[in-house]
Amino acid sequence: MTNTGIDELVARRIDAIVDDPGLGTDQLTAALDQAACCGVGQLVVAPTSLVAATHAADKARRRPRLVAQCGYPSGTHQDLVKAAEARLAIEYGVDEIDVVLNHRGIVDADSNRLISEIVTVREAVPRPMVLKVVLDTVLLTGEQIAFAARTAQLAGADYIRAGTTRTSDGDAAEVIAGIAQVAGTRLGIEAVGDFTAADVRRLFDAGASRIGTRTPQLLF
């Protein structure tokens, strides 16, 4: 990393999140071009943008890895619907799947429900394709986050994608450190938020292996 931004190797560990469902091919092409200029490794899109995103990727100067979200945005879809979304995304040529977990299963500490949900999607996303489970950690307690991380690892997920707040007050780094303590090296951890380059340094130090952001321009 430089003093003011991040270097090329770190940029490839950044997920640029472009999940506005109303984006068309031209807008997604512009996002892909920006990602190419920054060296960003992944572009995360909404399910409704899947066709436009894959068409735009074919035209991009450098194609980042495409990540499709399933169960977006609420996570309340039926498990089989999430799995069907994942299969369709894979048919369209995406490289990774993010599945939004049902918040109620986490809050109720219902491990059977949560395992069933993740396993159903995992069966639709065969390895070596990466499956990330999405947690809105701002709405969860530390105990609930730890429960979700343990259950996700048991059910076969590869990553926890943790939506957090800025790290200026230390909260996001503490959340990531807590997940890392539970997951160890068994799960990758992606921290999601509107971060600066300094924030990214703290998050990697805390145990994050990827960063997701809707404002990648703040990092460069």
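The values are calculated or read from the model by the stated rules, or taken from the named source; none is laboratory data. Everything numeric here is computed off the predicted structure, so don't read it as measured data. Glycine also receives a Cβ, built like all others from the backbone with ideal geometry; neighbour counts cover every protein chain displayed.
Can you tell me which residue is nearest to R62 (Cα to Cα) among those in the stretch 12-43 that are among the small types (G, A, S) and surrounded by fewer than 16 Cβ atoms within 10 Å (Cβ to Cβ)? Only one residue fits best here, namely A36.
Among all residues of the stretch 102-125, there is none that is surrounded by fewer than 21 Cβ atoms within 10 Å (Cβ to Cβ), more than 18 Å from A162 (Cβ to Cβ) and under 15 Å from the mean Cα position of the chain (by Cα).
Considering the conditions (1) outside any loop (DSSP other than H, G, I, E, B); (2) touching a helix residue (DSSP H, G or I) at 6+ places or on another chain (Cβ under 7 Å), A157 is excluded by exactly one of them, (1).
Among the residues of the stretch 57-78, is there at least one that is out of contact with any Lys or Arg (no Cβ under 9 Å at 6 or more places or on another chain) and of a type in the set (V, I, T)? So far as the stretch 57-78 goes, no, none of its residues is out of contact with any Lys or Arg (no Cβ under 9 Å at 6 or more places or on another chain) and of a type in the set (V, I, T).
When R161, R202, R166 are checked against the criterion of being basic (K, R), more than 14 Å from L101 (Cβ to Cβ) and at pLDDT 90 or above, a single residue qualifies: R202. Against the numbered list (1) over 16 Å from D98 (Cα atoms); (2) modelled with pLDDT under 95; (3) not in a helix (DSSP H, G or I), L135 comes up short only at (1). Considered as a group, the residues in the stretch 63-113 that are in contact with an Asp or Glu (Cβ under 6 Å, 6 or more places away or on another chain) and assigned to a strand (DSSP E or B) include one that is farthest from L43 (Cα to Cα), and that residue is C70. For the stretch 56-78, does any single residue satisfy the condition of being crowded, with 20+ Cβ neighbours inside 10 Å and acidic (D, E)? So far as the stretch 56-78 goes, no, none of its residues is crowded, with 20+ Cβ neighbours inside 10 Å and acidic (D, E).
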